[in-house]
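These notes are about the structure you will find just below.
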Amino acid sequence: MQQFWTDWGDLIWTGTVQTLTMTSIALLISTLIGLPLGTLLVLTRPNGRLANRFVYGGLSSVINVIRSIPFIILLFFILPFTRFIMGTTIGVQGVLLPLIVFTAPYIARLMESALLEVDRGVIEAYEAMGISTRKIIWYVLIREARSSIVLGLTIATIGLIGATAMAGLVGAGGLGDIAYQYGHLRFEPEVMYVTIFVLILLVQSIQSFGNRLAAKLKKA
Amino acid sequence: MIELKQITKEFKVNGDTITALDDVSLTIERGEIFGIIGRSGAGKSTLIRMINLLERPTSGVVEIDGQDITLLKKKGLSTLRQRIGMIFQHYNLLKTATVEENVAIPLRLEGLEKQVIRERVDRYLEIVGLSEHRNHYPEQLSGGQKQRVAIARALAHEPDILLSDEATSALDPETTESILELLLEINRELGLTIFLITHEMEVIERICDRVAVIDRGQIVEQGHVLDVFSNPSHETTQKFLKTNLDVPEEVVSELQTRGTLVHLSFIGSQTEQAVLAQLTKRFGILPNIIGGGIKKLKAGLVGNLLVHLDGDHDQTELAVRYLKTSGVHVREVSNHATVLDRLG
């Protein structure tokens, strides 16, 4: 046991940090894109407050198209775009953009369904009080949906962790990469087991944290 | 104070045009409680939403204090809406906010000062009797209490007008009574003009000064509650009232085969005159009381009787005429045009 940690401890620690770094940065930026997009979908959908067939239809199709592409293919498919935006296609920097392109539309859909759960009556009540649409979106729609939003983001985070496993293909490292490189290619099964264990631990704690936060937000 | 002029509202549903409101004109006076009664789908909800323009009329004018509000720009409309409170059948409270916050948040969004907000929250929670529940969440409250929070929220803007969209329809009779009592109190003590829609007779009877009956998008009858209810001229109104006497259909049709069945309404002091006894004395007719009761309307008492008149046909006609000249409202209960129609 002691021997294992001296040999591999640093590597696994570095991988964990890389995975968490990629996941949190990508999650943050994807949410900043996905939440407004989800809101826009809800507002522009037929019978929405700002119903607009073209905006809704267009946005919806784009999201569907991106979501049709598996991450491993998307990663290579948008290489030129990644180079243009990020200046590189390798390392953590190179994988962030594909992760965001992959996750933002997913989050947009999750946010859309969370926001659709909000009772239209409450929104109408606030409209009747002369409160602007902008304020209604933030203080009513998103506030009332916040518990579902947290659950949605939890699902998205776990999806992101899964996607980062493929980041190793462009040299961004991470836990998935370690499991593949060392566990599979170099046949060090213990390394694979330990990385899998760390991944399970991560996913479990993120899910329980999300559940607990959502429950708390629902009540208070 | 509120004037609806020739309001028509059409909706397009799958290419078809549906007329929700058809040339509706109404005037609501300052300080009164005006009720609209109608079945579901009659256009009530659309009508009440014309007053704060949650729905815009296809044609027609909505005036408040002489100002055509359909011409208002965004900012003007928003200011106007702050003067008009609204409560709903399903309360429409924030589930994620406490009672106190439910009242305070809209005021904060309106940009009022903290001190003012605190005073108003205290004041209006006190008025609706929920000061002790201020830190509860809506989920922990009963339906009646939730409606009280909604009323406090509406009042906290200190509006001139309160719109009530079926506010008691989801409540049990006892709770309905207490909410109606609260609305009456608000009307009396704060001087609010209340415009309400309902499908419950009881609501109109208990608190309304004037009523309009809506059927398939049209106002078929309107006036003071006492007048409309003691002398309903439209079939829809009669149906709303008929359900109150609760005489089984079979009994009615059986009695109609022999003699005449009439519905009599007595207003206020007439309740004391022995007009029925006079029928026997003057016309030799034997009145048989089938059902009845006395109702307390906001404006006074109305007695209703369902009476079977057994006797000579011509004498019956004279008797009905006598009742009418005595100030009793008479309505023949029948499917066929008979005595009353001939009398005109």
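Once each part is reduced to its C-alpha centroid, what is the distance from the range B:147-190 to the range A:153-199 in angstrom?
60
For residue B:281, go through the aspartates and glutamates and keep the ones whose alpha-carbon is under 16 Å away, minus same-chain ones fewer than eight residues off.
Cross-link targets: B:310, B:312, B:314, B:317.
Which aspartates and glutamates, on any chain, are close to residue B:73 with Cα under 16 Å apart, when same-chain ones fewer than 8 places away are left out?
Straight-line reach from residue B:73, under 16 Å: A:127, B:55, B:63.
Just to check, using Stokes-Einstein with a Kirkwood Rh over alpha carbon pairs, what's the diffusion coefficient of the range B:34-193 at 37 °C and 0.692 mPa s in µm²/s?
Roughly 198 µm²/s, to the nearest whole number.
May I ask for log10 I(q)/I(0) of chain A at q = 0.13, 0.17, 0.18 Å⁻¹, from a Debye sum over the Cα atoms as equal point scatterers with solvent left out?
So the normalised log intensities are -0.82, -1.16, -1.24.
Pull up the DSSP beta bridges for chain B and report the antiparallel fraction as a percent, rounded to 5. Intermediate values should be presented prior to the final figure.
On the way: 45 of 64 bridges.
In chain B, DSSP labels about 70 percent of beta bridges as antiparallel.
Loop only by DSSP, 14 or fewer other Cβ within 10 Å of the Cβ. Give me the GluC sites (Glu not before Pro) in the range A:40-129 that pass, ordered by residue number. Let's see the in-between values first.
Numbers: sites: A:112, A:117, A:124, A:127; in loops: A:117.
Here the sparse-neighbourhood loop sites are A:117.
How much of the DSSP bridge set in the protein assembly as shown is antiparallel, in percent, rounded to the nearest 5?
70
From the gyration tensor of the Cα coordinates in the protein assembly as shown, what semi-axes in whole Å does the equivalent ellipsoid have, largest first, with each one equal to sqrt(5λ)? Kindly include the intermediate steps, with their values, before the conclusion.
Details: eigenvalues 932, 110, 105 Å².
Equivalent ellipsoid semi-axes, largest first: 68, 23, 23 Å.
Can you show me the helix-derived [θ] at 222 nm for the protein assembly as shown, built from DSSP H runs with n ≥ 4 at -39,500 (n - 2.57) apiece and divided by the number of residues, rounded to the nearest 500.
Computed ellipticity for the protein assembly as shown at 222 nm equals -17000 deg cm²/dmol.
Apply the Karplus parameterisation 6.51 cos²θ - 1.76 cosθ + 1.60, with θ equal to phi minus 60°, to every residue of the range B:54-70 and state each ³J(HN,Hα) to the nearest whole Hz, in sequence, with x for glycine and proline.
5, 10, 9, x, 5, 8, x, 10, 10, 10, 10, 6, x, 9, 6, 7, 5
Considering only the other residues whose Cβ falls under 13 Å of the Cβ of residue B:68, what net charge follows from Lys and Arg at +1 and Asp and Glu at -1?
Net charge in that neighbourhood comes out at 0.
Compare the Cα positions of A:65, A:26, A:122 along the charge dipole of chain A (+1 at Cβ of Lys, Arg; -1 at Cβ of Asp, Glu; about the Cα centre) and return the one farthest towards the positive end.
Positive-most Cα among the choices belongs to A:122.
Pick from B:165, B:23, B:215: which is most flexible by mean-square fluctuation in a GNM of chain B where alpha carbon atoms under 10 Å apart are linked?
Among B:165, B:23, B:215, the largest GNM mean-square fluctuation belongs to B:23.
For the range B:80-110 and the range B:203-266, compute the distance between their C-alpha centroids and round to whole Å.
Using only Cα atoms, the two centres lie 37 Å from each other.
Is there a simple number for the mean count of other chain Cβ atoms within 10 Å of the Cβ of residues in B:81-88, and what is it? Display every interim value, and only then the final one.
Values: counts 5, 4, 1, 3, 2, 5, 2, 5.
For peptide B:81-88, the averaged partner shielding equals 3.
If we count trypsin sites (Lys or Arg not before Pro) as exposed when they sit in a DSSP loop and have at most 12 other beta carbons within 10 Å, what is the longest stretch of chain B that avoids them all?
Here the longest run is B:74-257.
Have a look at B:60, B:35, B:15 and report the one farthest towards the positive end of the charge dipole of the range B:2-232, computed about the Cα centre with Cβ charges (Lys/Arg +1, Asp/Glu -1).
Ranked along the dipole, the leading option is B:15.
Counting other Cβ atoms within 10 Å, which GluC sites (Glu not before Pro) in the range B:68-122 have at most 10 and lie in a DSSP loop?
Here the sparse-neighbourhood loop sites are B:113.
Using 32 Å as the Cα-Cα cut-off, could you pick out the over-long pairs in B:12/B:239; B:9/B:75; B:95/B:239; A:218/B:44?
B:95/B:239; A:218/B:44
Chain B: D in µm²/s via Stokes-Einstein (Kirkwood Rh, Cα pairs, 10 °C, 1.306 mPa s)?
71
Label points 7 Å out from Cα along the Cβ direction at residue A:185 and residue A:138: separation in nm?
About 4.8 nm separates the two model spin labels.
Under a GNM of chain A (C-alpha, springs under 10 Å), which listed residue has the highest mean-square fluctuation: A:31, A:19, A:88?
A:88
Could you tally the net charge around residue A:17, taking each other residue with its Cβ under 15 Å from the Cβ of residue A:17, Lys/Arg +1 and Asp/Glu -1?
-2
In terms of the Cα gyration tensor, with a ≥ b ≥ c the square roots of its eigenvalues, is the range B:142-242 rounded because a/c is under 1.5, prolate because a/b exceeds b/c, or oblate?
The shape class here is prolate.
GNM, chain A, Cα, under 10 Å: largest mean-square fluctuation among A:132, A:205, A:24?
Between A:132, A:205, A:24, it is A:132 that shows the largest mean-square fluctuation.
So if we plug the beta-carbon distance of residue B:231 and residue B:288 into 1/(1 + (r/R0)^6) with R0 = 22 Å, what FRET efficiency do we get, rounded to 0.05?
0.45
Laboratory data are not the source of any read-out in this text; all were calculated from the coordinates shown. Not measured: the values here are computed from a predicted model. We place every Cβ from the backbone using ideal geometry, glycine too, and count neighbours over all the protein chains shown.
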